[in-house]
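Participant: Sharing a structure, written as C-alpha cells. Questions coming.
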Amino acid sequence: MEEKLKLGPENFEALPKAEELDNEKIAAPSLTFVQDAWRRLKMNKGALISFIIIVLMIIISFGSTPFINHDSLVKSAPKYANLPAKIPGVPINGLNGKLKVSGEWVDEYKQNNVPDNKYFVLGTDYLGHSLAERIIYGTKISLIVALVATFFDLTLGVAYGIVSGWRGGRVDNVMQRIIEIISSIPSLVIVVLMLIVLKPGMTSIIAAIAISSWTTMARMIRAETLQLKSQEYVLAARTLGESPWKIAWKHLVPNLSSIIIIQTMYTIPTAIFFEAFLSFIGIGISAPQTSLGVLLNDGQKNFQFLPYQMWYPAIVLCVLMIAFNLLGDGLRDAFDPKTRR
Amino acid sequence: MRKYLLKRVFYMILTLFLVATITFFLMKLMPGTPYSNQQKMTAQQIQIMNEQYGLNKPMWMQYLIYLGGMLHGDLGVSFQFSNQPVSYLIASRIGASAQLGIQAMIFGVVLGIVIGSIAAVNKNTWIDTLCTILSIIGKSVPNFVLAVLLQFYIALKLGWFPIADWGGFSYTVLPTIALGVGPLAETARFIRTGMVDVLNSDYIELAKAKGMSRYGIVWHHALRNSLIPLVTLIGPYTVALMTGSMVIENIFSIPGIGEQFVKSILTNDYPTIMGVTMLFSAGLVAVILLTDIIYGIIDPRIRLSGSGD
C-alpha cells in the first residue's frame, strides 16, 4: 500500500558552491553601537555642519589662549576706540572701515588718523579693544561654562541617578525628595545666593551650575536604571557575584550611554544661555574679563550708532546656540532611531 | 488623593522653609556690616541702629523673628528703596510682571500649538521644514538679544510700538513677543512630535475611514490628545518667564519684579533680594503642584498616588 520511493545518490544534485555561501552572507558590515550612530549622524547635514562649527570654535577659542589672555584684555587703546570692521581688500561698506553716520558712509579710519597698516577685522569697542579678540575670548568663556555643566552632568548626575535607581527603596525615596527640593528652587535664585556669598564672576556661575544643572540627568538615569536593573544580563552578573561597582560600570553605563549623550547636549545650550544672561544683566562675568553676554550688554548701549558692536557677538552667540541645539537633535536621532520621524 | 495632596503640600512647605533658612544664614555669613560708613559712626549710633533693625539680638532670635514675620507676609524693610517694606514694594510691582508673564505664556503656547500642528499635518514637506527651522532659531536666539533687536527695529525705526515704559496695551506688545518666543519654540516642537505620534494611531485611521474632514480630525482627535503632555511644560515655562522677566523688564524699563530684583542685586539690598527670592520659589513650587494636580484630573490614566514607586 505504501509505495516506497527509490532514491539513490544519483537523484540528488549538488548546488553550486557559491550560491550556498551567499545565503548566509551578511550584506552590511557589522557595526558597533558608536559606529552605527556615527553613520546615522553623518547623514544628517545640519548636525554634521553644526559639529564642524563647534569643533572649529573650540580649536580657535582654546588655541587663542597664548595670544589673548589677561594682559591683552586690559590693554586699552583709546585712540582706536569705536572703529568699525575693516578687512583689507573687501570693498563692501561696513567691512571696509566705513560707518554709516547720519545716513552717509564715512571712513572712520581716515577721520581718526589710524595708520594705513592698522586694521581690525571686526572693529573695536569703546576702549579701543579689538572686538574679534574679545569675541574669541567670550566664546572660550561660553565653552568653559558648557564644559563645566557637562562635567557635573556626567559625574554627579549619572552617579546620583545610578545609585538612586540601583539601591531603590528608602535610599531612592530620600534621594528623589532631595532632587525634588533642589529642582523646585529656581536656578536663578541659586545663582543670586552664590553671588552674595562668593563674588560675581566665574566661580559663582560654576557653583550655581554645579548645584542645579544635573538634576534632570539624574532623574532620567534613575528611571532607565530601574528598567535595566531587571534585565537578564544584570541578573546574571549579580548571580555570578559581580560587585555592584563593576555592574554599574560594565553593564549600566554602556547601556545608558545614549541617554547620557542626548541629555548632555540639552544641558549645554542651557548653560551657555545662562552665563550670557547673567553677564548681560551685569551679575556674571565682570571686567577685565569678558564674555559674550558682557559684549552684548556693552554693544546694546551704542546699538543705534554702532550696531556692529552688538551684531557680531550676537551672531556668534546665536550660531553657537543653534549649532549645539542642532547637534543635540541630530545625536538624539542617531542614538535613538525610534524617536526619529 | 487627599493623602497625596497633603504629602505634596508638606514637601512644598519644607522646600520653602529650607530656601528661607539657607537665604537667611547666607546673608548672615556675609562679611561686612549693613552700614556703609561704619568708621564714622559712634558706638552709640551703631547701637541705636542695631536696636532699630533688631540686629542686637542673638542670631537664633533674629532667625525666628524673620520666619515669624514671613508667616504673616512681613518680609522686612528695604535698605535701598527709601526704607519701604519689601512686601509693599513687591505688591506694587507684581501687577506688571504678572500681566507680562501671562500674556507671554498665552502668546507662546497658542501660537506654538498652531505652528506645531501645521508642521505635523504637513509632515516632511517644506512647511514642516520651515516650522522646524523657525523653532530651532526661536529656541537658540536668547530673548534679550531679540528684545534689543525688536526695540530698535520695530519700535525705534518703524515706530509701530512704544520704545519702552509701561502704559496701555501697546506698551506690552514687544516685551510679550520677546518673552514668549522661547515657550513658543518649545511648544511647537513638543506639539509636532506629539501630534505626529497621535496621527499614526488607530483611532485616527478610523476617523479617516468614517470620512471625517482633515480639520475635524486634527481638531477633535489629534489636538486634544497631544495637548495633555503640554501641561508638564508649564513648570519649566514659569521658570523661563521669571528669568526672562529680569532682563526684558530692564530693557523695556517696565516697573516689575524682575527689574527690581536686578536693581536690588546690584545695590546689595538684602531684604529685597530675600523677599523676591522667596516669592520666586513660592511661585515655582505652587505652579509645580498645580500642574501635577491638573495633569491628574485631565488624564485619568496617570495615577497621582503612585509617584513612581
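Every number in this text was worked out from the coordinates using simple rules, so none of it is lab data. In this text, all values refer to a predicted model and were calculated from it rather than measured experimentally. So basically every Cβ, Gly included, is an ideal-geometry build from the backbone, and we count neighbours across all protein chains shown.
Participant: Compare B:Ser97, B:Ser253, B:Ser87 in a GNM of chain B, Cα atoms joined below 10 Å, and give the one with the largest fluctuation.
Facilitator: B:Ser253
Participant: Could I ask something else about it? Straight-line reach from A:Lys250: which lysines fall under 21 Å, measuring Cα to Cα and dropping same-chain residues less than 8 apart?
Facilitator: Output for A:Lys250: A:Lys229.
Participant: Arranged from highest to lowest average of other beta-carbon atoms within 10 Å per residue, in what order do the peptides B:204-210, B:70-76, A:259-265 appear?
Facilitator: A:259-265, B:70-76, B:204-210
Participant: Any idea what angle helix A:292-301 forms with the longest principal axis of chain A, computed on alpha-carbon atoms, 0 to 90 degrees, nearest 10?
Facilitator: Relative to chain A, helix A:292-301 is tipped by roughly 40 degrees.
Participant: Given Cβ point charges of +1 (Lys, Arg) and -1 (Asp, Glu) and nothing else, what value in debye, to the nearest 20, does the dipole of segment B:154-309 about its Cα centre take?
Facilitator: Dipole of segment B:154-309, to the nearest 20 debye: 560 debye.
Participant: Between segment B:247-299 and segment B:184-204, what's the alpha-carbon centroid distance in Å?
Facilitator: That distance is 31 Å.
Participant: How large is the dipole of segment B:143-243 about the Cα centre if only Lys and Arg carry +1 and Asp and Glu carry -1, each at its Cβ, rounded to the nearest 20 debye? List each step's numbers first, then the result.
Facilitator: Numbers: 7 positive and 5 negative charges, 54 e Å.
For this selection, approximately 260 debye.
Participant: Over 21 Å between C-alpha atoms is what I'm after, so list which of A:Lys100/A:Lys140; A:Lys199/B:Lys28; B:Lys57/B:Lys263 land there.
Facilitator: In this structure, A:Lys100/A:Lys140; B:Lys57/B:Lys263 lie more than 21 Å apart at Cα.
Participant: Once the dipole of the protein assembly as shown is set up with Lys and Arg at +1 and Asp and Glu at -1 on Cβ about the Cα centre, which of A:Pro78, B:Gly68, A:Ser243 lies farthest towards its positive end?
Facilitator: It is B:Gly68, whose Cα lies furthest towards the positive end.
Participant: Would chain B count as rounded, prolate or oblate if I go by the C-alpha gyration tensor, calling it rounded below 1.5 in a/c and otherwise prolate when a/b exceeds b/c, oblate otherwise?
Facilitator: Since a/c reaches 1.5 but b/c is at least a/b, the shape of chain B is classed as oblate.
Participant: Also, I was wondering about something else. Using a 10 Å cut-off around each Cβ of peptide A:189-196, what is the average number of partner chain Cβ atoms that fall inside?
Facilitator: Mean partner shielding for this stretch: 6.
Participant: Using only helices, what value at 222 nm comes out for chain A when you add -39,500 (n - 2.57) per DSSP H run of length 4 or more and divide by the total residues, to the nearest 500 deg cm²/dmol?
Facilitator: Only helices count here, giving -19500 deg cm²/dmol.
Participant: For chain A, modelled as a GNM with alpha-carbon contacts under 10 angstrom, which of A:Lys118, A:Lys86, A:Lys98 fluctuates the most?
Facilitator: A:Lys118
Participant: What's the angle, to the nearest 10 degrees (0 to 90), between helix A:202-212's Cα axis and the longest principal axis of chain A?
Facilitator: With both axes taken from Cα atoms, the answer is about 30 degrees.
Participant: May I pose another question? Could you please rank A:Met310, B:Met61, placing first whichever residue has the fewest other Cβ atoms within 10 Å of its Cβ?
Facilitator: Ordered by Cβ neighbours within 10 Å, fewest first: B:Met61, A:Met310.
Participant: Using helices alone, what [θ] at 222 nm do you get for chain B, with -39,500 (n - 2.57) per DSSP H run of 4 or more residues, divided over all residues and rounded to the nearest 500?
Facilitator: Working: 13 runs with 212 residues, N = 309.
When only DSSP H runs of four or more count, the value is -23000 deg cm²/dmol.
Participant: Shifting gears a bit: Treating the beta-carbon of each Lys and Arg as +1 and of each Asp and Glu as -1, no other charges, what is the dipole magnitude of the protein assembly as shown about its Cα centre, to the nearest 20 debye? Spell out each step's value before the answer.
Facilitator: Numbers: 52 positive and 41 negative charges, 141 e Å.
Computed charge dipole of the protein assembly as shown: roughly 680 debye.
Participant: So how tilted is helix B:234-251 from the main axis of chain B? Cα-based, degrees 0 to 90, rounded to 10.
Facilitator: Taking the Cα atoms of chain B, the angle to B:234-251 is about 60 degrees.
Participant: Can you tell me which of A:Leu31, A:Leu327, A:Leu193 moves the most in a GNM of chain A? Springs connect C-alpha atoms under 10 Å apart.
Facilitator: A:Leu31
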